[in-house]
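Visitor: Attaching a single structure in structure tokens format; questions to follow.
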Amino acid sequence: MSTTYNIGVIPGDGVGKEITREALKVLDVTAEKYGFCVQYEHFDWGCDYYLKHGIMNPGNMLDTLKDFDAIYLGCIGDANKVPDHISLKLLLDIRKGFDQYANLRPIKLYPGVYTPVKTATPENLDILVIRENTEGEYSSVGGFFKMGTPDAFAIQTGIFTYKGCERVIRYAFEMCKKRNKGCPDNGYVGMVTNCTKSNALNYSMVFWDSIYNEVAKDFPMVKTEMALVDAITMWFVKKPDYFDVVVASNLFGDIITDLGAMIQGGMGFAAGGNINPEQTYPSMFEPIHGSAPKYEGKNVINPIASIEAARMMLEHLGEEQASANIGTAVKTVLAAGQVRTRDMGGGSTTSEVGDAIAEAVRKN
Ligand code: IPM
Ligand code: MN
């Protein structure tokens, strides 16, 4: 009996369907080659669902998804149909509801991919951002007051719990140990940079820093470092090879990973895993780009981020070899430089890129 993985699939909005199709194409070929099964159940939740039913997803969404081995998400949101702050709740509800508190966002450069950042090379760019994914600035606590009057105001509160900070920071240190990237400073297995802003956010980030320092004591083999988030945006560009693991709050992690995506050659290459490390709930994998509704159905979007998300999903499920094979296949296709979508200056379609990577997996 071969292992079967049950995956809940939410293709979502805009180009979500076409990039998901390519990711699953590559997954299927990989599964066949490595002798396991991947079974999908598709859910048509998203903005079109909203237009029909007045809600983005049924109220029992979490219940429906909770027994899957993992969730694969295309992309959510189409502001022409539903305001973003309403549609994107679907995504945030899953991250929070399934306690996917560690958002893994690797930043690496594939060979043959153009980066506007000249200091980054495929050999030297290898950063792993770990973003807190369930609280902080995204806690959704606040309110509007005296709306419609000259005294109108809004309050948005960030919530930083001890438990919430501790567990994600600890996870970052664990990941750093596991990566074992090494460190120019001899004697360390790697470095965890604390992305903070405690010079200005004198409660939340001071609290965050103190927890970082406390957790760091349990990892004497890991080099510690603190960097203010604004300075990190500068250093990512100036010296991208310097970083190893970066741990950040929800909003800061969100912001620096879009910058990271550009260093990787664009949003078409950046993927993420929303991880529930305890595996009490399924984890969710997605490209980090938006749904680009104007390209919907045109078969021109770069599917590499979505294929990379599928690769991360296999790694999470314990199919390390199969996952590594996808990584190699993506590299092979990109290095060959024949099959490239429009964002890379080529003329290939989304499906041609998926086909080429699936073929490379077969041949590897
Ligand atoms: C991301 C996205 C989301 C976020 C949006 C769509 C709510 O930008 O996954 O990075 O802010 O987390
Ligand atoms: Mn983002």
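Visitor: Sorting check: for 137-148, 256-267, which peptide has the highest mean count of neighbouring beta carbons within 10 Å, and how do the rest follow?
Guide: Order by mean packing, descending: 256-267, 137-148.
Visitor: Let me ask something additional. State which entries of K25/K52; K238/K331; K52/K146 exceed 27 angstrom in Cα-Cα distance in the structure shown. Present the calculation step by step, with values, prior to reporting the outcome.
Guide: Values: K25/K52 29 Å; K238/K331 25 Å; K52/K146 33 Å.
The answer is K25/K52; K52/K146.
Visitor: Continuing with the same structure: Would you mind counting up the charge near L251? Only other residues with Cβ under 15 Å from its Cβ, with Lys and Arg at +1 and Asp and Glu at -1.
Guide: -1
Visitor: So who's got an amide H within less than 5 Å of the one on T196, skipping anything under 5 residues away but keeping other chains? H placed 1.01 Å off N, in plane.
Guide: A227, L228, V229
Visitor: Rounded, prolate or oblate for the stretch 9-64? Axes are the square roots of the Cα gyration tensor eigenvalues, ordered a ≥ b ≥ c, and the cut-off for rounded is a/c under 1.5.
Guide: oblate
Visitor: If the convex hull of the alpha-carbon atoms of the stretch 106-223 is projected onto planes in all directions, what is the mean projected area in square nanometres?
Guide: One quarter of the hull surface, i.e. the mean projection, equals 11.0 nm².
Visitor: Projecting each Cα onto the charge dipole of the chain (Lys/Arg +1, Asp/Glu -1 at the beta carbon, about the Cα centre), which of L27, Q100, T115 comes out farthest on the positive side?
Guide: Final value for the positive-end residue is T115.
Visitor: Continuing with the same structure: Please report how far the C-alpha centroid of the stretch 1-76 lies from that of the stretch 222-261, rounded to the nearest whole angstrom.
Guide: 31 Å
Visitor: Same structure again: Please calculate how many Å² of accessible area the chain carries per residue, with a 1.4 Å probe and no DNA, RNA or ligand atoms counted.
Guide: Per-residue value: 44 Å².
Visitor: A follow-up question, please. In whole angstrom, how far apart do the alpha carbon centroids of the stretch 177-212 and the stretch 131-153 sit?
Guide: Cα centroid of the stretch 177-212 versus Cα centroid of the stretch 131-153: 28 Å apart.
Visitor: May I ask you to derive the FRET efficiency for Q321 and A152 from their Cβ-Cβ distance with R0 = 56 Å, giving the value to the nearest 0.05?
Guide: 0.45
Visitor: Stretch F207-K66 to full length: gain in nm at 0.36 nm per residue minus the Cα-Cα span? Don't skip to the answer; put the middle values down first.
Guide: On the way: separation 141, 0.36 × 141 = 50.76 nm, distance 3.26 nm.
Full extension from F207 to K66 adds 47.5 nm.
Visitor: Here's another thing I want to ask about it. For the chain, what mean projected area does the convex hull of the alpha carbons give, in nm²?
Guide: Averaged projected hull area, Cα only: 19.7 nm².
Visitor: If the cut-off is a Cα-Cα distance under 27 Å, which lysines reach K163, setting aside same-chain residues fewer than 8 apart in sequence?
Guide: K66, K89, K96, K177, K178, K197, K217, K223
Visitor: Of all the accessible heavy-atom surface of the chain, with the other protein chains kept in place and a 1.4 Å probe, what percent is carbon and sulfur?
Guide: 54 percent
Visitor: For the chain, what is the charge dipole size about the Cα centre, in debye to the nearest 20, if Lys and Arg each add +1 at the Cβ and Asp and Glu each add -1 at the Cβ?
Guide: Result for the chain is approximately 600 debye, rounded to the nearest 20.
Visitor: Now, a different point. Sequence-distant or interchain residues sharing an amide H contact under 5 Å with G74, placed H: which?
Guide: So G74 has HN proximity to I10, G12.
Visitor: Within the set of other residues whose C-beta is less than 11 Å from the C-beta of V330, count the net charge using Lys and Arg as +1 and Asp and Glu as -1.
Guide: Result for the neighbourhood of V330: +2.
Visitor: Nearest 0.05, what FRET efficiency do T280 and C37 give at R0 = 30 Å with Cβ-Cβ as r?
Guide: Working: r = 24 Å, r/R0 = 0.80.
The computed FRET efficiency comes out at 0.80.
Visitor: Still on this model: Indicate the gyration tensor shape class of the stretch 1-99 (rounded, prolate or oblate), computed on the Cα atoms with a ≥ b ≥ c the square roots of the eigenvalues: a/c under 1.5 is rounded; otherwise a/b larger than b/c is prolate and the rest oblate.
Guide: On the way: a/c = 2.74, a/b = 1.71, b/c = 1.60.
Here the stretch 1-99 falls in the prolate category.
Visitor: Can you give the local net charge around N199? Use residues other than it whose beta-carbon is closer than 11 angstrom to its beta-carbon, Lys and Arg +1, Asp and Glu -1.
Guide: Values: positive: K197; negative: D209, D230.
Once positives and negatives cancel, what remains is -1.
Visitor: For every helix of n ≥ 4 consecutive DSSP H residues, a contribution of -39,500 (n - 2.57) applies; sum these over the chain, divide by its total residues, and give [θ] at 222 nm rounded to the nearest 500 deg cm²/dmol. Spell out each step's value before the answer.
Guide: Values: 12 runs with 143 residues, N = 364.
For the chain, the value works out to -12000 deg cm²/dmol.
The values are calculated or read from the model by the stated rules, or taken from the named source; none is laboratory data. Worth saying up front: this structure is predicted, and the values here are computed from it rather than measured. Cβ atoms come from the backbone with ideal geometry, glycine included; neighbour counts cover every protein chain shown. Ligands, DNA and RNA are stripped out before the accessible areas are found, and what is left, the full protein with its side chains, is counted by its heavy atoms. Shrake-Rupley method; radii C 1.70, N 1.55, O 1.52, S 1.80 Å.
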